[in-house]
Amino acid sequence: MTTLTLTAPSPHLAFLLRLADDNLILGHRLSEWTGHAPMLEEDIALANIALDHIGAARSLYDRAAELHGEGLTEDDYAYRRDARGYLNCLLVERPNGDFAHTIVRQLLYSAFALPYWAVLTASTDATIAAIAAKSEKEARYHVRHSGDWFLRLGDGTDESRTRTEAALAALWPYTGELFEVDATLEPLIAEGVAADPRSVHAVWQQTIDQALAATGLTVPEVPFMQTGGRTGYHTEHLGFILADLQFMQRAYPGATW
Amino acid sequence: MYTQALNNLDLPQNDEGDPREARFMARIDAEERIEPNDFMPEGYRKTLVRQIAQHAHSEIIGMLPEGNWITRAPSLRRKAALLAKVQDEGGHGLYLYCAAETLGKSREEMMDELVDGRAKYSSIFNYPTLTWADIGMIGWLVDGAAIMNQIPLCRCSFGPYARAMIRICKEESFHQRQGYEQIMTLCAGTPEQKELAQDSLNRWWWPSIMMFGPSDGDSVHSAKSMAWKIKRFTNDELRQKFIDATVPQAHRIGLEIPDPDLKFNEETGHWEIGEIDWEEFKRVLAGGGPCNADRVAARKAAQENGAWVRDAALAYAQKRAARESETLAA
Ligand SMILES: [Fe+2]
Ligand SMILES: [Fe+2]
């Protein structure tokens, strides 16, 4: 099983992979909590959210494979690409950290995903539109779950507040990338296949502002935003995620499981 | 924060000669369900709390060896299935802790007993999951053995436990089929995959057989539990059912049971196994299995690392309640 390298994928394919990779990597991260969460209810809830993300990723990879031709499957994308070929945003690959990091990461991402899926329900790619309709419902729960916890942690004890503040400061630099538009996205937005992420920035900001206002926390002062995931320029964490994720396919190439 | 208040906790400790005891036994004999607020002898309550708590602990400790492979599952389909399976086990733990709480013991107390090593859980989870094949093997053998144990519990005399079991058994039998299907896939795959399956069976067969507990003669709790209709079959009866169901399944996909003494008795129609290594069983139960220390340490870490989260949730709930009552007063 050789490494799958996509040289100059079409914008449509690249867009599907970006969205799919966001969901796979975030789902993978959340699944790391299983058995280790602060309470049994959260083992179950985080696994639920992870399953939603992994499910969305699988549908998107399926669509990518269909477009791609060449008889590829969802697993080829997940298990055969190296870090440089992964196109997820950096936010989702950040480590779970403490529970506050996980919750803040989820809120920052899901507050974006919810309105973005909503716009994508009008995608001219009917498969994307259908996936978006399903995912929008799921994202509503993800925002509620992470938003409720954000409130409890931000307005709970001194310790939980300090931890939440630290998580916000650590993760905020990765939010800018969510709204970037590049040469891959531009033609797709024009065609109506993709949605313009900038169009949901105000809604995202409002969700975050409401969560912050309820806790009295503020937007952290961040001098620089980080970027690179959409072109395969990742943080060092992705390599370790892939070492885990792809172990079996690399150790037993070509086998069916 | 998980305790449920019940109105029958200060019962007399000694129920001997209590006329309620005779009525209780009559209800048991008539196959009636006992509910949390009904009279029950202290021994019955203690037996149930111990058994349900051990069962709940087994579910959540069982999440660890399987959770070990979630991030490394070999395909997205298997990854999602495994994650959903381990999530189910968490759900089982949750119903069972709730069932035990109806008998007056809080979840926190049970969790504390688990992490400080006082509580027991199924010996099987003290073995390591070394390869991906172990995930299928656990589904097939461990969930399979759990079903044998649990189906009769759906008719257990204690209502909340019996009801929890009905729901749990449905999921366990799905897990068992899914596990067997995974092993079938390995057996139909490359020689390397087949070898993974055989190696895994070699390691998990005897520990699965031991899951049914000591032989009838050596089981301390059996007789009383049978009289109370908590238990319906003896350990050895259930073990035999499991062996009879599982040996042909192994043969069908070309796997060899790691027991040179295994033979089919034409007269009885049962598979007969060789000697069980009860020393190993005792050692693992007493804490000397390959993973006992790691399992308890993982639960302890989750408990300790999560303390500030639980504290925050509690503090927030209290603040909110205080704010609401202020608003009402104003
Ligand atoms: Fe279970
Ligand atoms: Fe199970």
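How much length would be gained if the chain were fully extended between A:Tyr233 and A:Gln206, taking 0.36 nm per residue of separation minus their Cα-Cα distance, in nm to one decimal? Working shown, then result.
Numbers: separation 27, 0.36 × 27 = 9.72 nm, distance 2.94 nm.
So the chain would gain 6.8 nm between A:Tyr233 and A:Gln206.
When chain B is treated as a GNM with alpha-carbon contacts under 10 Å, the residue of B:Gly269, B:Gly289, B:Gly189 showing the greatest mean-square fluctuation is B:Gly269. Averaging the sequence gap over all C-alpha pairs within less than 8 Å and six or more residues apart, then dividing by the number of residues, gives the range A:11-251 a relative contact order of 26 percent. Need one word for the range A:11-251: rounded, prolate or oblate. Basis is the Cα gyration tensor (sqrt eigenvalues a ≥ b ≥ c); a/c below 1.5 gives rounded, then a/b vs b/c decides. Prolate, because a/c is 1.5 or more and a/b exceeds b/c. When the GluC sites (Glu not before Pro) in the range B:273-330 are filtered for DSSP coil states and for at most 16 other beta-carbon atoms within 10 Å of their beta-carbon, the remaining sites are B:Glu275.
Spacing of the modelled spin labels on B:Ala329 and B:Ala223, each 7 Å from Cα toward Cβ, amounts to 6.2 nm. Looking only at the range A:107-148, which residues have a backbone nitrogen under 20 Å from a spot 7 Å from the Cα of A:Ala190 in the C-beta direction? Correct set: A:123-125.
For chain B, the relative contact order is 18 percent, taking Cα pairs closer than 8 Å that sit 6 or more residues apart in sequence and dividing their mean separation by the residue count.
Helix-only arithmetic for chain B: the sum of -39500 (n - 2.57) across DSSP H runs with n ≥ 4, divided by the residue total, places the mean residue ellipticity at 222 nm at -20000 deg cm²/dmol.
Seen against the Cα atoms of chain B and their longest principal axis, helix B:191-210 is set at about 50 degrees. Residue by residue along A:239-249, Cβ atoms of other protein chains within 10 Å of the local Cβ number 3 on average.
Over all orientations, the protein assembly as shown has a Cα convex hull whose mean projected area works out to 31.5 square nanometres. Averaged over peptide A:23-35, the number of partner chain Cβ atoms lying within 10 Å of each residue's Cβ comes to 4.
Listed from fewest to most Cβ neighbours within 10 Å, the set A:Ile131, B:Ile28 follows the order B:Ile28, A:Ile131.
Taking 7 Å steps out from each Cα toward its Cβ at A:Ala213 and B:Trp278 produces label points 7.1 nm apart. Of the GluC sites (Glu not before Pro) found in the range A:23-83, the ones in coil according to DSSP and having at most 14 other Cβ atoms within 10 Å of their Cβ are A:Glu70.
Just to be sure I understand: with springs between alpha-carbon atoms less than 10 Å apart, which residue in A:Ala194, A:Ala214, A:Ala14 has the highest mean-square fluctuation in the Gaussian network model of chain A? So, out of A:Ala194, A:Ala214, A:Ala14, the one fluctuating most is A:Ala214. Among the DSSP helices (H) of chain A, those spanning at least 27 angstrom by Cα along their long axis with an average Kyte-Doolittle hydropathy of -1.0 or more are A:11-31, A:40-68, A:99-120, A:126-154; this is a geometric and hydropathy rule only.
Comparing mean-square fluctuations of B:Ala81, B:Ala162, B:Ala56 from a GNM of chain B with C-alpha springs under 10 Å, the top value falls on B:Ala81.
Rounded, prolate or oblate: which fits the range A:112-183, taking a ≥ b ≥ c as square roots of the Cα gyration tensor eigenvalues, rounded meaning a/c under 1.5, else prolate when a/b beats b/c? Could you put the intermediate results ahead of the total?
Values: a/c = 5.50, a/b = 1.85, b/c = 2.98.
Taking the square roots of the gyration eigenvalues as a ≥ b ≥ c, the range A:112-183 is oblate.
Taking a straight Cα-Cα cut-off under 20 Å and skipping sequence neighbours fewer than 8 places away in the same chain, the aspartates and glutamates within cross-link reach of B:Lys319 are A:Asp148, A:Asp155, A:Asp158, A:Glu159, A:Glu165, B:Asp311. Once you have the Cα-Cα distance between B:Asn202 and B:Arg310, take 0.36 nm times their residue separation minus that, and quote the gain in nm to one decimal. Going from the current span to full extension adds 34.7 nm. Is chain B best put as rounded, prolate or oblate by its Cα gyration tensor, with a ≥ b ≥ c the root eigenvalues, rounded for a/c under 1.5, and otherwise prolate when a/b is larger than b/c, oblate when not? Oblate, because a/c is 1.5 or more while a/b does not exceed b/c.
Would you order B:Met148, A:Met225, B:Met137 from fewest to most other beta-carbon atoms within 10 Å of each residue's own beta-carbon? Display every interim value, and only then the final one.
Numbers: B:Met148 22, A:Met225 14, B:Met137 27.
Exposure proxy ranking, most exposed first: A:Met225, B:Met148, B:Met137.
With angles folded into 0 to 90 degrees, how steeply does helix B:235-252 sit against the dominant principal axis of chain B? Use alpha carbons for both and round to 10. The helix B:235-252 is inclined about 40 degrees to chain B.
Bear in mind that the values in this text are calculations on the coordinates, not laboratory data. All values derive from a computational prediction rather than experimental measurement. Using ideal geometry, Cβ is built from the backbone for each residue, glycine included, and neighbour counts are taken over all protein chains shown.
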